[in-house]
Amino acid sequence: MSQSSGFSKALRTDAGKGLILISPTALFAILLLAAPLTSIVLLSFWTQNFLTIDRTFTLANYSEALTDPLYRSLMLRSVKISLSVTAVTVLLAFPIAYFVSFHVRPSRKSLWLFLITIPFWTSYLIRVFLWRVILAYDGPVNGTLIGLGVIDEPLSWILYNSNAVVITLAHAFAPFAILPIFVSLEKIDRSFLEAAQDLGETKLMTFFRVTLPLAVPGVLAAALIVMIPTVGDYVTPRLVGGSGGTMIANMIYAQIFDLNDRPMGATLAVGGMIIVGSIALALVLLTRRWTRARS
Amino acid sequence: MKDKTPPRPIITLEGVHKYYGDYHALRGIDAEIGEGEFFSLLGPSGCGKTTLLRAIAGFEDISSGRILLDGTDMEGVPPNRRPTNMVFQSYAIFPHLSVAENVGFGLRKAGMGNAEKARAVGEALEMVGLGGYGDRAAHALSGGQRQRVALARALILKPKVLLLDEPLSALDKKMREQMQSELRRLQRQVGITFILVTHDQEEALIMSDRIAVMFEGEIAQLAPPQELYRRPASRRVGEFIGMMNFLPATIMSEASGKLQVEVPGLGKAELERAQCPGPANPGPGEIGLRPESLTVLFDGQDAERVAPGKVEEVTYYGDMTYYDVRLEGAPNNVTVSMRNMPGRPVLARGEATKLAWDARAMVLFG
Amino acid sequence: MKGRGLHIYALVYLVFLYAPIVLLPLFAFNDGTTIAFPLQGFTLDWFRALVTTPALHEATLNSLIIAISTAVLSTCLGLFAARAATRYRFPAKPVIVGFIMLPLVLPEIIVAISLLVVMLQLGLSLSIWTIIAGHTLICVPFAIAILQGSFSNMDRSLEEASVDLGETPLTTFRLVTLPLVMPGIIASLLICFTISLDEFIIAFFLSGNEPTLPVYLWGQLRFPARLPVIMALGTILVGLSVGLLITAEFFRRRGLRRAGLPDSGGFL
């Protein structure tokens with residue numbers, strides 16, 4: 001009896017109630033995320049033997065992924081494109097975040113944020129496809145530039161290569177970069193800036209010595225949020241990347257559906273996760289080091 | 001002050017302990033709170049006063065001990081079935097309901113008709129001075145109005161005990177003073193036991209019949225306001241309630257209920273045994289003196305017991321002037337408060353002065 | 001940092017952000033079979049063609065079923081988790097919550113591929129249900145983020161006050177908690193619906209022979225002749241998304257007003 005009352009008392013505590021309450025969601029995540037992730041890791045150590053799976057543990061897939069120049073260049077290109085996208089997106093986004101935070105009246109800020117986020121919620125597929133139209137040989141970009149007399153012949157380096165992938169993804173992930181930077185800028189106490197100017201700094205130097213350092217955590221968060229999904233993007237390389245712009249996700253798809261080599265597909269997926277994980281970890285450590293040094 | 005006969009206890013706390021993991025929040029609380037009493041739990045933040053209040057309301061399970069409410073053990077009784085109601089620090093006015101819906105919230109299961117309910121709500125609002133506010137939206141109210149709605153909402157259920165968790169801390173000074181007198185009027189009107197949690201010693205002194213001063217999960221002293229002020233049970237209580245000067249003292253002897261004490265700076269004094277709350281063994285001790293029980297003697301004035309000293313600091317408040325005075329032979333300053341009466345000068349820093357003192361105002365800590 | 005220069009930059013940036021969306025209706029109403037300038041003239045043919053494409057209707061129906069199921073399922077699961085996370089302290093909380101939020105920082109292809117592999121290895125056939133499962137997985141973190149905001153905006157003593165006034169925990173949830181987080185629930189439903197409706201990769205991997213709207217669209221992109229119809233469809237979808245978004249924003253602001261809180265930005 002004392003045991004059962006002890007048990008019911010445990011259920012009445014915060015810990016008991018919290019665990020019970022979160023268990024449906026947690027179970028769902030375990031079933032549909034933990035189990036599948038574990039199984040592709042397992043699968044990556046097996047091999048495909050025509051139609052059957054050979055379940056002997058082997059690192060063959062990994063050694064192939066690391067040595068085959070095709071896979072190697074693909075992974076390198078994925079990382080390179082993803083990092084360029086991240087850099088371009090964050091650099092383009094910072095002035096916007098700064099503008100909304102420092103130069104827009106408080107009552108209008110949420111309207112600006114709303115305007116910035118709207119395009120993000122419209123069909124990704126169609127947006128990416130439209131970049132193909134915009135950047136096309138006879139598209140509006142080339143048309144405008146020729147019309148203005150800036151160029152004589154349409155630019156061919158803006159479509160069906162990695163540049164096009166970078167432009168398109170920089171567009172697709174713009175709000176992801178703007179919002180975290182905006183949040184970190186909003187948190188800056190405006191009296192810091194007045195203090196810096198009071199102590200004799202110019203507005204420009206105040207920006208470099210006060211505003212920018214305080215915005216660093218937001219910038220790093222933005223970089224993280226943009227980098228992670230772009231490494232694994234499938235649609236953009238297919239639509240605007242041409243043959244020179246394919247990325248790891250396209251190869252994973254080809255392995256599974258076209259070449260019917262699921263273990264190799266799984267290996268590349270795990271490889272992708274490791275790449276994303278290590279870059280993310282590096283950025284997180286960087287953020288942590290920065291904030292610790294500041295606090 | 002109420003009559004001296006103690007009222008029937010409505011709440012009895014017996015050895016109440018509360019642990020949060022390793023943290024010992026309540027360390028054996030014993031107290032009886034009488035019917036119709038205005039009772040305050042006073043202490044600095046983190047002393048356990050709010051935990052105790054929430055344990056009485058049923059929001060915190062206690063680790064051991066008993067809480068009796070009107071003679072019934074409350075163990076395992078959830079807050080919704082306890083005859084207590086609470087006024088929350090944030091007032092907890094439901095933002096999606098109107099004022100009338102807020103006040104009538106607890107009447108849902110009361111088995112009243114709509115007309116009867118509306119009349120009860122109207123009366124409750126009238127009682128707190130918000131007659132005619134029933135249709136207002138809750139989020140359109142000012143701080144003071146929210147507080148009144150919270151009061152009406154709790155009192156409409158006619159609880160045996162009303163619990164108030166720092167109800168005035170969110171109000172500005174003027175509104176707070178107004179609500180203090182209003183709360184006392186309300187409590188007398190309805191005759192219900194009020195238990196007030198506050199960290200403001202002045203508020204507790206003004207409003208309460210009795211006050212429990214709490215430090216670190218324990219009741220340091222439980223007494224009516226005057227006794228608490230005049231005879232603090234420990235140096236810590238004396239420091240917490242009002243201002244108190246302390247001077248080292250030597251306890252010489254105890255004879256026929258009198259204590260002989262030697263205080264450097266003041267001289268010899270004879271104290272009643274009741275002036276010493278603890279044991280009074282001969283040896284070193286300390287006396288406590290309120291600033292108003294010392295008096296600066298101006299030209300031509302004299303008293304039975306006088307101690308010379310020098311003014312070290314003058315703080316002028318308009319109605320009052322506070323002097324920090326170093327008495328000759330005393331190791332530390334004492335603060336003296338003097339009312340600024342017409343024709344009375346304000347002394348300057350560095351002036352020599354004489355202080356009159358009275359042994360009856362002293363408290364001795366052994 | 002001149003305000004004027006930044007303002008111009010901001011406007012140019014908005015043009016960059018909106019360029020694709022602005023082009024969409026241009027080509028949808030353009031009387032020409034190629035997606036290229038110059039524009040030819042006004043026509044509604046492409047919209048009419050939408051009405052007479054049964055495969056499109058089927059895909060739309062699939063997408064709607066998936067999006068509605070996903071929205072309801074994610075919001076329910078999100079409610080449990082958000083409530084637990086804001087209200088209770090329990091062991092391993094950061095680990096559990098972090099794991100549930102993981103899909104937010106996992107490339108979608110990984111989620112898609114791992115679900116697909118499990119389905120294939122288990123020999124389960126792909127259907128609308130597998131897509132719903134996948135979409136729910138990626139929508140739950142969004143639902144939690146939105147609902148966590150609603151729950152933590154709510155003063156905890158409101159629920160205590162209700163219990164103190166005689167209501168049971170269950171009736172308190174119905175009378176106090178639910179009405180106060182309702183704006184968050186509606187916003188969560190709308191956001192999850194929008195995400196699911198637009199999601200491509202997971203649907204592409206898990207759809208089998210029941211395509212969703214984006215999967216159908218993807219198939220059509222290969223046929224140049226079908227592109228103007230796609231533009232018409234895209235215009236409708238964008239209009240719908242923007243409409244939903246404005247509704248969601250409306251509810252979010254109302255929620256903030258009700259709770260008497262200042263507006264502190266958008267959803268993300």
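The values are calculated or read from the model by the stated rules, or taken from the named source; none is laboratory data. The model shown is predicted, which means the values in this text are computed figures rather than measured ones. Every residue, glycine as well, gets a Cβ built from its backbone with ideal geometry; the counts of neighbours run over all protein chains shown. Quick note on the areas: whole protein, heavy atoms, side chains included, nothing else; ligands and nucleic acids left out. Shrake-Rupley method; radii C 1.70, N 1.55, O 1.52, S 1.80 Å.
Output the residues belonging to the stretch B:64-92 that are over 24 Å from the mean Cα position of the chain (by Cα) and hydroxyl-bearing (Ser, Thr, Tyr).
B:SER64, B:THR72
Out of all the residues in the stretch A:162-201, which are open to solvent by less than 70 Å² (accessible area, probe 1.4 Å) and more than 24 Å from A:ALA93 (Cα to Cα)?
A:SER191, A:ALA195, A:ALA196, A:GLY200, A:GLU201
For the stretch B:193-246, please list each of the strands (runs of 3 or more DSSP E) lying entirely inside it that holds at least 3 residues being of a type in the set (D, E, K, R). Spell out how you get there, then give the answer.
Details: elements: B:193-198, B:210-215, B:218-223.
Output list is empty.
Is one or more of the residues making up the stretch C:189-196 small (Gly, Ala, Ser), open to solvent by less than 30 Å² (accessible area, probe 1.4 Å) and away from chain B (no Cβ under 14 Å)?
Let us first name the residues in the stretch C:189-196 that are small (Gly, Ala, Ser), namely C:196.
This time we only want the ones that are open to solvent by less than 30 Å² (accessible area, probe 1.4 Å), so: C:196.
Within this subset, residues satisfying the condition of being away from chain B (no Cβ under 14 Å) are C:196.
Looking through the stretch C:189-196, at least one residue is small (Gly, Ala, Ser), open to solvent by less than 30 Å² (accessible area, probe 1.4 Å) and away from chain B (no Cβ under 14 Å).
Among the residues of the stretch B:170-189, what is the count of those that are in contact (Cβ under 8 Å) with a residue 60 or more places away in the chain and open to solvent by less than 50 Å² (accessible area, probe 1.4 Å)?
Qualifying residue count for the region: 1.
Looking only at the stretch B:108-160, which residues are farther than 30 Å from B:ILE10 by Cβ, within 14 Å of chain C (Cβ to nearest Cβ) and surrounded by fewer than 12 Cβ atoms within 10 Å (Cβ to Cβ)?
Within the stretch B:108-160, B:ALA140, B:SER142 meet the criteria.
Which of (1) within 9 Å of another protein chain (Cβ to nearest Cβ); (2) more than 30 Å from A:ARG209 (Cα to Cα); (3) part of a helix (DSSP H, G or I) is the odd one out, the single condition C:LEU6 does not satisfy?
Going through the list (1) within 9 Å of another protein chain (Cβ to nearest Cβ); (2) more than 30 Å from A:ARG209 (Cα to Cα); (3) part of a helix (DSSP H, G or I), C:LEU6 breaks only (2).
Considering each of C:GLU159, C:GLU167 in turn, give the residue that is at pLDDT 90 or above, within 14 Å of chain B (Cβ to nearest Cβ), assigned to a loop (DSSP other than H, G, I, E, B) and surrounded by 20 or more Cβ atoms within 10 Å (Cβ to Cβ).
On the way: C:GLU159 fails: assigned to a loop (DSSP other than H, G, I, E, B).
Only one candidate qualifies: C:GLU167.
Do we find that B:ASP358 is surrounded by fewer than 19 Cβ atoms within 10 Å (Cβ to Cβ) and farther than 19 Å from B:PRO264 by Cβ in this structure? Reasoning before the result, please.
Numbers: surrounded by fewer than 19 Cβ atoms within 10 Å (Cβ to Cβ): yes; farther than 19 Å from B:PRO264 by Cβ: no.
Answer is no for this residue.
For B:ASP61, state whether it is surrounded by fewer than 22 Cβ atoms within 10 Å (Cβ to Cβ), over 23 Å from B:VAL190 (Cβ atoms), over 18 Å from the mean Cα position of the chain (by Cα) and at pLDDT below 95.
Numbers: surrounded by fewer than 22 Cβ atoms within 10 Å (Cβ to Cβ): yes; over 23 Å from B:VAL190 (Cβ atoms): yes; over 18 Å from the mean Cα position of the chain (by Cα): yes; at pLDDT below 95: yes.
Answer is yes for this residue.
Restricting attention to the stretch A:251-286, which residues are closer than 30 Å to A:SER184 by Cα and either surrounded by fewer than 16 Cβ atoms within 10 Å (Cβ to Cβ) or more than 14 Å from chain C (Cβ to nearest Cβ) (or both)?
If we filter the stretch A:251-286 for residues that are closer than 30 Å to A:SER184 by Cα, which is where we start, we get A:272-286.
Correct list: A:ILE274, A:GLY277, A:SER278, A:LEU281, A:ALA282, A:VAL284, A:LEU285, A:LEU286.
What residue, of A:LEU224, A:LEU214, is away from every other protein chain (no Cβ under 13 Å), farther than 28 Å from A:GLU64 by Cβ, at pLDDT 85 or above and open to solvent by 30 Å² or more (accessible area, probe 1.4 Å)? Give the steps one after another, and end with the answer.
On the way: A:LEU224 fails: away from every other protein chain (no Cβ under 13 Å).
Of A:LEU224, A:LEU214, the one residue that is away from every other protein chain (no Cβ under 13 Å), farther than 28 Å from A:GLU64 by Cβ, at pLDDT 85 or above and open to solvent by 30 Å² or more (accessible area, probe 1.4 Å) is A:LEU214.
Tell me which residues, restricted to the stretch A:117-131, are part of a helix (DSSP H, G or I) and facing another protein chain (nearest Cβ under 7 Å). Outline the logic, then answer.
Taking the stretch A:117-131 as the starting set, the residues that turn out to be part of a helix (DSSP H, G or I) are A:117-121, A:124-131.
Scanning the stretch A:117-131 gives A:THR117, A:ILE118, A:PRO119, A:TRP121, A:TYR124, A:LEU125, A:ILE126, A:ARG127, A:PHE129, A:LEU130, A:TRP131.
Find the residue count for the stretch A:132-161, including only residues that are facing chain C (nearest Cβ under 7 Å) and open to solvent by 40 Å² or more (accessible area, probe 1.4 Å).
Selection size over the stretch A:132-161: 2.
State which residue is most open to solvent (accessible area, probe 1.4 Å) when the search covers only the stretch A:90-116 and only residues that are among the hydroxyl-bearing types (Ser, Thr, Tyr) and more than 8 Å from every other protein chain (Cβ to nearest Cβ). Lay out the reasoning, then the answer.
Restricting attention to the stretch A:90-116, the residues satisfying the condition of being among the hydroxyl-bearing types (Ser, Thr, Tyr) are A:98, A:101, A:107, A:110.
Among the residues that remain, those that are also more than 8 Å from every other protein chain (Cβ to nearest Cβ) are: A:101, A:107.
Values: A:SER101: 5, A:SER107: 88 Å².
Restricting to residues being among the hydroxyl-bearing types (Ser, Thr, Tyr) and more than 8 Å from every other protein chain (Cβ to nearest Cβ), the top hit is A:SER107.
Return a yes/no flag: does the stretch C:79-90 have any residue that is open to solvent by 80 Å² or more (accessible area, probe 1.4 Å) and either free of Cβ contacts under 8 Å to residues at least 40 places away in the same chain or polar (S, T, N, Q) (or both).
Here is the first cut: in the stretch C:79-90, the residues open to solvent by 80 Å² or more (accessible area, probe 1.4 Å) are C:80, C:89.
Going one step further and asking which of them are either free of Cβ contacts under 8 Å to residues at least 40 places away in the same chain or polar (S, T, N, Q) (or both), we end up with C:80, C:89.
Within the stretch C:79-90 (the criterion being open to solvent by 80 Å² or more (accessible area, probe 1.4 Å) and either free of Cβ contacts under 8 Å to residues at least 40 places away in the same chain or polar (S, T, N, Q) (or both)), the answer is yes, since at least one residue qualifies.
In the stretch B:217-239, how many are farther than 18 Å from B:GLU32 by Cβ and of a type in the set (Val, Ile, Thr)?
The total comes to 1.
When the stretch C:105-114 is examined, which residues are found to be free of Cβ contacts under 8 Å to residues at least 40 places away in the same chain and either part of a helix (DSSP H, G or I) or aliphatic (A, V, I, L, M) (or both)? Spell out how you get there, then give the answer.
Step one: filter the stretch C:105-114 for residues free of Cβ contacts under 8 Å to residues at least 40 places away in the same chain, giving C:105-107, C:110, C:114.
Within the stretch C:105-114, C:VAL105, C:LEU106, C:ILE110, C:SER114 qualify.
Which residue out of C:ILE138, C:ILE146 is surrounded by 21 or more Cβ atoms within 10 Å (Cβ to Cβ), more than 9 Å from every other protein chain (Cβ to nearest Cβ) and either touching a Pro at 6+ places or on another chain (Cβ under 7 Å) or not in a helix (DSSP H, G or I) (or both)? Walk me through how you get there before you give the answer.
Values: C:ILE146 fails: either touching a Pro at 6+ places or on another chain (Cβ under 7 Å) or not in a helix (DSSP H, G or I) (or both).
Going through C:ILE138, C:ILE146 in turn, the sole match is C:ILE138.
Answer yes if at least one residue in the stretch B:67-83 is assigned to a strand (DSSP E or B), without any contact (Cβ under 8 Å) to a residue 60 or more places away in the chain and surrounded by 13 or more Cβ atoms within 10 Å (Cβ to Cβ), and no otherwise. Walk me through it before giving the result.
As a first pass, look at the stretch B:67-83 and keep what is assigned to a strand (DSSP E or B): B:67-69, B:72-73.
Keeping just the survivors that are without any contact (Cβ under 8 Å) to a residue 60 or more places away in the chain gives B:67-68, B:72-73.
Now drop any that are not surrounded by 13 or more Cβ atoms within 10 Å (Cβ to Cβ), which leaves B:67-68.
Scanning the stretch B:67-83 turns up at least one residue that is assigned to a strand (DSSP E or B), without any contact (Cβ under 8 Å) to a residue 60 or more places away in the chain and surrounded by 13 or more Cβ atoms within 10 Å (Cβ to Cβ).
List pairs: first in the stretch A:121-148 and without any contact (Cβ under 8 Å) to a residue 60 or more places away in the chain and closer than 20 Å to A:PHE173 by Cβ, second crowded, with 18+ Cβ neighbours inside 10 Å and of a type in the set (Asp, Glu), Cβ under 9 Å, 6+ apart or cross-chain?
A:TRP121/C:ASP198; A:THR122/C:ASP198; A:SER123/C:ASP198
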